[in-house]
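K.L.:
A single structure is presented below for examination.
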Amino acid sequence: MKLLTLNFLTCAVKTCKTQPSSFPLHPRDAELEIIEAELNLPFLRNILPRLMWEDICSVARELGLPALPAIAPIPADLLAAPLDPSTTTGGAEQEPSQTARDLHRVLLETCIQEGKLVCGCCGHEYAVKEGVANFLLPGHLV
Amino acid sequence: MLPTPSTSHICFDRVYEPAEDSYLLLDTLSSSSETAFLRDRFHETSSTPPLVLEVGVGSGVVLAFVAANPGTIFGRHDVLTLGTDINSFACKAAAQTVRHAIKEREDDRSVFLDVVNGDLASAIRPNSIDVFVFNPPYVPAELPDLSCHDRHNTIPHGKKATSFEQDSYLLELSYAGGEDGMVVTNRMLEQIPEILSGEGGVAYVLLCAQNKPEVVKQRIRDWGGGWMAETVGSSGKKAGWEKLVVVRIWKSAG
């Protein structure tokens with residue numbers, strides 16, 4: 001599962017949802033795999049306001065990934081400075097900056113294949129197997 | 001006509017095979033009235049990438065259709081798709097269906113997140129979903145015994161494949177809806193106001209005639225707070241009765 005998915009998930013225990021510590025879920029014993037994907041610059045630019053930046057940074061840190069910028073990037077940070085300033089205007093393709101590449105790598109290419117996701121509130125461990133996280137609780141299965 | 005995503009890689013012994021209900025959802029989501037509604041609601045200049053969640057993805061044909069046609073449906077390409085299913089085999093199959101459907105497209109590419117194994121939308125962060133899609137187990141039939149789910153949800157230790165008993169159980173989960181076929185749908189409807197985003201969140205839920213769609217719609221309107229429910233797609237007219245309907249659930253603006 002992609003790390004961006006963690007931006008939209010929380011503990012499945014009902015009483016945890018109102019507790020801030022239930023988000024983000026914390027990866028544990030994670031085996032990561034890089035699954036390359038095409039970088040989609042307009043998507044990255046538009047998704048910025050939806051990212052829980054500090055939480056993504058903390059997940060990346062817990063996974064031992066290279067540090068992300070402490071402050072959430074703004075759209076301009078995702079564009080590479082043009083080599084030749086005279087070509088800034090016109091219809092040329094905009095090139096992604098290193099920040100954009102790093103963000104793409106962390107959010108969309110870094111996948112948890114095996115491991116656990118742990119709720120910071122109740123401590124429940126959700127297993128990830130073959131890239132699929134299992135959020136079924138014993139209470140769901142009665 | 002937009003192409004139907006391929007599901008030829010799936011073994012339908014334990015995953016729900018696309019049928020009339022699935023196709024009704026595809027037709028409804030790509031109908032001119034719904035694309036106009038969605039384009040208006042999720043206009044690129046006024047919102048961040050919409051997150052589409054389908055619960056109970058099964059083969060993944062509906063989610064893959066959305067993921068492969070975001071330009072037609074939403075008028076934008078930066079759409080995010082996420083799925084859940086209680087059946088772990090469906091999770092894997094559906095993820096493959098979506099990835100394949102996106103890859104087939106030269107352009108019009110959206111971003112697929114994952115399909116997670118879970119009970120309805122229980123693991124979804126509150127107020128994060130912009131478009132919710134649900135083709136529930138709607139047949140009035142006894143619910144299978146969930147106490148054996150863990151055992152049936154995985155290939156038995158030391159075996160190479162699932163048993164016939166497992167497959168029957170997993171397929172039952174995909175269609176059996178208990179009394180009036182509404183037991184699972186009612187649990188899902190309860191979660192809808194919690195998971196939908198405050199700005200513009202909209203849900204599409206498929207119902208069959210035995211589910212008493214008119215009663216269901218009225219109950220949603222009775223939630224108050226501006227909640228609306230209207231039939232926006234139907235098929236299989238029989239003596240004036242629609243066999244299947246798609247109900248759109250949303251909050252009126254203002």
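The values are calculated or read from the model by the stated rules, or taken from the named source; none is laboratory data. On a predicted model such as this, the values are computed, not experimentally measured, just so you know. So basically every Cβ, Gly included, is an ideal-geometry build from the backbone, and we count neighbours across all protein chains shown. Protein only, heavy atoms only, side chains kept; ligands, DNA and RNA dropped before computing areas. Shrake-Rupley method; radii C 1.70, N 1.55, O 1.52, S 1.80 Å.
K.L.:
Inverting the mean 1/r over all pairs of different Cα atoms, compute the Kirkwood radius of chain B and quote it in Å.
P.N.:
On the way: mean 1/r = 0.0543 Å⁻¹.
After inverting the pairwise mean of 1/r, the radius is 18.4 Å.
K.L.:
As a test of understanding, state the convex hull volume per residue of the protein assembly as shown from its alpha carbons, in Å³. Present the calculation step by step, with values, prior to reporting the outcome.
P.N.:
Values: hull volume 61.6 nm³, N = 396.
Dividing the Cα hull volume of the protein assembly as shown by its residues yields 155 Å³.
K.L.:
For the B and A pair, go ahead and give the buried accessible area with a 1.4 Å probe, both sides summed, in Å² to 100. Provide the component values of the computation, followed by the final result.
P.N.:
Values: alone 12170 and 8770 Å², together 18130 Å².
Accessible area lost upon association: around 2800 Å².
K.L.:
Which aspartates and glutamates have a Cα lying under 18 Å from the Cα of B:Lys212, excluding residues fewer than 8 positions away in the same chain?
P.N.:
Cross-link targets: B:Asp21, B:Glu142, B:Glu179, B:Asp180, B:Glu190, B:Asp222, B:Glu230, B:Glu242.
K.L.:
Let me ask something else. In Å², and per residue, what accessible area does the stretch B:48-142 have when probed at 1.4 Å with the other protein chains present?
P.N.:
Details: 2360 Å² over 95 residues.
Accessible area per residue: 25 Å².
K.L.:
A further question on this structure: Of A:Lys129/B:Lys243; B:Lys217/B:Lys237; B:Lys92/B:Lys159; A:Lys116/B:Lys160; A:Lys14/A:Lys129; B:Lys92/B:Lys237, which sit over 29 Å apart, Cα to Cα? Let's see the in-between values first.
P.N.:
Details: A:Lys129/B:Lys243 39 Å; B:Lys217/B:Lys237 19 Å; B:Lys92/B:Lys159 19 Å; A:Lys116/B:Lys160 25 Å; A:Lys14/A:Lys129 23 Å; B:Lys92/B:Lys237 35 Å.
Table pairs above 29 Å Cα-Cα are A:Lys129/B:Lys243; B:Lys92/B:Lys237.
K.L.:
At 1.4 Å probe size, with the rest of the protein present, what percent of the exposed accessible area of the protein assembly as shown is carbon and sulfur atoms? Write down the numbers at each step before the final one.
P.N.:
Values: 9580 of 18130 Å².
The C+S portion of the solvent-accessible surface of the protein assembly as shown is 53 percent.
K.L.:
Let me ask you something else. Each label point is 7 Å from the Cα along the Cα-to-Cβ direction; what then is the distance between the points at B:Tyr23 and B:Ser168, in nm?
P.N.:
Going from the B:Tyr23 label point to the B:Ser168 one covers 2.9 nm.
K.L.:
Where in chain A is the longest stretch that carries no GluC sites (Glu not before Pro) classed as loop by DSSP and with at most 15 other Cβ atoms within 10 Å? All intermediate terms of the calculation are to be shown ahead of the outcome.
P.N.:
Working: sites that count: A:Glu36, A:Glu38, A:Glu93, A:Glu130.
Here the longest segment lacking exposed loop sites spans A:39-92.
K.L.:
Need one value for A:35-44: mean number of C-beta atoms belonging to other chains within 10 Å of its residues' C-beta atoms.
P.N.:
Working: counts 1, 0, 5, 1, 0, 5, 0, 5, 9, 3.
Counting other chains' Cβ atoms within 10 Å and averaging over A:35-44 gives 3.
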